[in-house]
1. Looking only at region 243-265, filter to residues that are part of a helix (DSSP H, G or I) and closer than 22 Å to PHE336 by Cβ; which one of those is least open to solvent (accessible area, probe 1.4 Å)?
2. Which one is nearest to GLY106 (Cα to Cα) among residues in region 158-182 that are part of a loop (DSSP other than H, G, I, E, B) and open to solvent by 10 Å² or more (accessible area, probe 1.4 Å)?
3. Just give me the residues in region 67-98 being among the polar types (S, T, N, Q) and either part of a loop (DSSP other than H, G, I, E, B) or buried (at least 19 other Cβ atoms within 10 Å of the Cβ) (or both), in sequence order.
4. Report, by residue number, each residue of region 397-413 that is open to solvent by 30 Å² or more (accessible area, probe 1.4 Å) and part of a helix (DSSP H, G or I).
5. Only residues that are open to solvent by 10 Å² or more (accessible area, probe 1.4 Å), free of Cβ contacts under 8 Å to residues at least 60 places away in the same chain and in contact with a Phe, Trp or Tyr (Cβ under 8 Å, 6 or more places away or on another chain): list them for region 451-475, please.
6. From the list ALA198, ALA268, exactly one residue is without any contact (Cβ under 8 Å) to a residue 24 or more places away in the chain, closer than 30 Å to HIS79 by Cβ and open to solvent by less than 60 Å² (accessible area, probe 1.4 Å). Which is it?
7. Would a scan of region 56-66 turn up a residue that is under 28 Å from GLU254 (Cβ atoms), surrounded by 19 or more Cβ atoms within 10 Å (Cβ to Cβ) and touching a residue at least 40 places away in the same chain (Cβ under 8 Å)?
8. How many residues does region 201-237 hold that are open to solvent by 50 Å² or more (accessible area, probe 1.4 Å) and outside any helix (DSSP H, G or I)?
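The values are calculated or read from the model by the stated rules, or taken from the named source; none is laboratory data. In this text the structure is predicted, and so the values were computed from the model without any measurement. Note that each Cβ is placed from the backbone with ideal geometry, even for glycine, and that neighbours are counted across all protein chains shown. Calculation scope for accessible area: heavy atoms of the full protein, side chains included, ligands and nucleic acids excluded. Shrake-Rupley method; radii C 1.70, N 1.55, O 1.52, S 1.80 Å.
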Amino acid sequence: MMSDQPSTSAAPLSALEKKPSRSVGLGWALGGIVLFFAVVRLVGLFGDLWLDEIWSLRMVQSIESPWEIFTKIQHDNNHPLNSLFLYLVQHGADWTYRLLSWFCGGVSVWLAALLARDHYRRWHPEEPEARAKVCGLFTAVIVGGAYLLIHYSSEARGYAPAVAGAMLATYALSRGSEGGGLRWASLYFFACVFGMVAHLATVQVMLAAGCWAVMSLIESTGAWREHLRRVAIWQLPTWLFFVAYYFGFVSKMEIGGGPENALSQVLAELAVSLLGIPAVPGPIILSILLGAVIAGLALIWLRSRGWAIFYVAVIFATPAIGILFSRFTLLFPRYFIISAAFALIIIGYGLTRLWWSGRMGRGMSLVAISLFLIGNGLQVKRLWTEGRGHYQEALNTMLQRTPFDAVTISSDHDFRNYALVDYYQKLASAPRELVYFRRDQMPAWGTQWRILHRINDNTDLPKHVTDEQGNFYVKERVYSYAGLSGWSWIVYRNMNLEARD
């Protein structure tokens, strides 16, 4: 495979960097960072499930064997690895459904640090080992503290496992680039399969690895047949699995619906959930994110063109190809989670180079990391307080405040809201009859309660609304959510119906 030889001269070693005790201390620091951000990821574990999680759970509850995850549940909401986990724990508490994602999210922080450290060691062999470990620490903080990854590490979906698989595959690719034989190639195959079964976005890493392999063949000065053989050993098994998986399962999927979002809006929201710089508009944060990634790629290009091409492919090229040719046309920030995770590795490397550039560079690095942690910390705090919605609390309030035997409810979107009502009415604190009326079933006098939901715009919250029959409702309370997954509920009460009853 490809050799990563540096193009600059060696840097002097400081006495501090030569001390073995410092290296040991950095190792303990990494363990502490990984543990800390694993605890942070518990923040989102215990809130209400939202529609996609409940939908996935309902799907696995309808099957009789795990094999039917691949043969019967042919829907894009089915992330097979997550569905298999849900099948195994389907009668547990709600938070247990998210444990696979939580575990993979914590492991991803550790894998990102190992990958960054291995990259730095290969790209800067003339520098002390301590600097490579510092790069691992910076990367662990950036990957661990990014709200986007924290959010999906506490959600029962396939995104966090896909990130873990992508990180592990890239780490195996990096470690196996100068030897290791079948051991690292086998780990790469396992990681790609694990990631693909979690979410098809893992193919981004496989395509990027293919670009990296082509570059290694181009730059090889001899023994091209040996290079070609190694590329085949690494790449062929994963692509054979992909072909079988795609035509046996993915191509048969039914694509669900959802709100249509502009690409610019999605990318701005993605940047905010990654960098979270306080009081800065999304388009500006997106520009800062792109600038930081491009600067980091330029530094990598000076050290390893193959890896620079790999990161360009996984962050920019493969998502663009997916948007142009995929059947999945609805865009959300979570669909770019692989690109986002690898962009953070680039930023971690850039911060490390800035840190070692001098006193001013260290000051700038500290300011950047501080703003990053503050901004993302504010988003984590909102996830703690708002979660993905307060559906159970809203239903309990409606049950408690209705003085009749039956509680009637309608909403502005039957599919999205009824799934939540149906799931949480069984967990309600007050055992009462709850009747949901769909639009085509709406009685002439209306329902006692009406729910409006808002996904992106909480500014449109009218004080009064009417239903399909013209009945009048007054706003009672707003139940907000933290963003990315779920929605707000605005609950309205039919005062006329209450007076008549």
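1. Filtering region 243-265 for residues part of a helix (DSSP H, G or I) gives 243-248, 250-252, 263-265.
Among the residues that remain, those that are also closer than 22 Å to PHE336 by Cβ are: 245-246, 250, 263-265.
On the way: TYR245: 21, TYR246: 72, VAL250: 4, LEU263: 71, SER264: 84, GLN265: 80 Å².
Looking at residues that are part of a helix (DSSP H, G or I) and closer than 22 Å to PHE336 by Cβ, I get VAL250.
2. Kept after step one, since they are part of a loop (DSSP other than H, G, I, E, B), are these residues of region 158-182: 158, 179-180.
So of that shortlist, the ones also open to solvent by 10 Å² or more (accessible area, probe 1.4 Å) come out as 179-180.
Details: GLY179: 28, GLY180: 26 Å.
Across region 158-182, the extreme among qualifying residues is GLY180.
3. Narrowing region 67-98 to residues among the polar types (S, T, N, Q): 71, 74, 77-78, 82-83, 90, 96.
Answer for region 67-98, where residues must be among the polar types (S, T, N, Q) and either part of a loop (DSSP other than H, G, I, E, B) or buried (at least 19 other Cβ atoms within 10 Å of the Cβ) (or both): GLN74, ASN77, ASN78, ASN82, SER83, GLN90.
4. Listed by number, the residues that qualify are THR397, GLN400.
5. Of all residues in region 451-475, those open to solvent by 10 Å² or more (accessible area, probe 1.4 Å) come to 452-472, 474-475.
With free of Cβ contacts under 8 Å to residues at least 60 places away in the same chain added as a condition, the list becomes 452-454, 457-472, 474-475.
The answer is LEU452, HIS453, ARG454, HIS464, VAL465, THR466, ASP467, GLN469, ASN471, VAL474, LYS475.
6. Values: ALA198 fails: without any contact (Cβ under 8 Å) to a residue 24 or more places away in the chain.
The unique qualifying residue is ALA268.
7. In the first step, residues of region 56-66 are kept if they are under 28 Å from GLU254 (Cβ atoms); the result is 56-66.
Remaining after also requiring surrounded by 19 or more Cβ atoms within 10 Å (Cβ to Cβ): 56-57, 59-60.
Right, trim to touching a residue at least 40 places away in the same chain (Cβ under 8 Å) and you get 56-57.
The answer is yes; a qualifying residue exists.
8. Of the residues in region 201-237, 2 are open to solvent by 50 Å² or more (accessible area, probe 1.4 Å) and outside any helix (DSSP H, G or I).
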